[in-house]
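Written out below as structure tokens is the structure these notes cover.
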Amino acid sequence: MTADAGAAAEVRAALVRLRRATGLTVAFGGLVEDGRGLRIGELSGAATASLRGLAVAPGSGLGGKAHALARACAVTDYSTSRHISHEYDVPVNAEGLRSMLAVPVVVRRRVRGVLYGALRTAQPLGDRTLNAAVAAARDVEQALVVRDEARALLAEMRAPAADAGAWEQVREAHAALRALAPRIADPLLRAELLGVVGRLATASSPPREYAVRDCAVRLAPREVDVLSCVASGATNAAAADRLGLRPETVKGYLRSAMRKLGAHTRLEAVVAARRAGILP
């Protein structure tokens, strides 16, 4: 499975979940190709192949509008709506779609894909349906973030070390890859990560002098507990079970720790905590 195929699989799974959660007749979507805009590659519940492979330019049609604005858009009757352009009426009408929504997949302020949901009747799509579509897009966003982080770490591990002081990067990458591996749906990418983890785990012990002990960051004991579990590769659910907390409580401690450390992701928080001497 290639990187693109793995990302497409995340879109496909999200579309299936969206239909199950909402009862939408059809769900479809795809990824944004660099320099070529959005291409519809995944269909769920479609009766025809009219939408498959359709290239959607930013600003064009409903999905192109969602792409250009980086926000969810919806219409009650696609073919008669005055709020969108109509370059794609032929394939949409061939599938018999009327009411439709489109939600962008946004990763680090960049639209990486669009998810659509549709009915074959003209009727308003309620907040419940829209919220479910937004949640499905967020699932894809998180999966793409994980894949991006994994690829970046693997690339870092393949690059030759600049000097003997590179152990810090090796140790950080080892913990980060352990945390990522259970969250990777792509079996080939997951196997590659686990292979690297295994090789790093057999490396000689690192010097401990790299830790910075004079950092002003102060974490609460439970925040340190949660970060320690995260550093060992535990999911929020596993950390909650290990610490005797609710999963939502674990998320709250993790968010608080990330804010104090100036981190945007779980992995950045672990790295920052180690550099601050908070984690070993």
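The values are calculated or read from the model by the stated rules, or taken from the named source; none is laboratory data. As the structure is a prediction and not an experimental result, all values here were calculated from the model. Ideal geometry is used to build each Cβ from the backbone, glycine not excepted, and the neighbour counts take in all protein chains shown.
Of all residues in region 181-190, at least one satisfies being at pLDDT below 70, loosely packed, with under 15 Cβ neighbours inside 10 Å and closer than 29 Å to V106 by Cβ. Once region 79-104 is narrowed to residues that are touching a residue at least 40 places away in the same chain (Cβ under 8 Å) and within 30 Å of the chain's Cα centre (by Cα), the residue that is nearest to S50 (Cα to Cα) is P91. Taken over region 236-264, the criterion of being of a type in the set (S, T, Y) and buried (at least 16 other Cβ atoms within 10 Å of the Cβ) is satisfied by T249, Y253. In region 220-261, of all residues being at pLDDT 90 or above and of a type in the set (K, R), the one that is nearest to A273 (Cα to Cα) corresponds to K260.
One residue stands out among those in region 13-33 that are more than 15 Å from N131 (Cα to Cα) and surrounded by fewer than 17 Cβ atoms within 10 Å (Cβ to Cβ): the one that is modelled with the lowest pLDDT, which is E33. Among the conditions (1) at pLDDT below 65; (2) touching a Phe, Trp or Tyr at 6+ places or on another chain (Cβ under 7 Å); (3) part of a helix (DSSP H, G or I), P206 misses just one, which is (3). For region 265-280, how many residues meet the condition of being free of Cβ contacts under 8 Å to residues at least 60 places away in the same chain and buried (at least 19 other Cβ atoms within 10 Å of the Cβ)? Looking only at that region, the number is 4.
Quick one: is R213 in a loop (DSSP other than H, G, I, E, B), farther than 21 Å from A155 by Cβ, at pLDDT below 70 and out of contact with any Phe, Trp or Tyr (no Cβ under 9 Å at 6 or more places or on another chain)? For R213, the condition - in a loop (DSSP other than H, G, I, E, B), farther than 21 Å from A155 by Cβ, at pLDDT below 70 and out of contact with any Phe, Trp or Tyr (no Cβ under 9 Å at 6 or more places or on another chain) - is met. Apart from one condition, F28 fits all of (1) within 26 Å of Q123 (Cα to Cα); (2) in contact with a strand residue (DSSP E or B) (Cβ under 8 Å, 6 or more places away or on another chain); (3) in a helix (DSSP H, G or I); the exception is (3).
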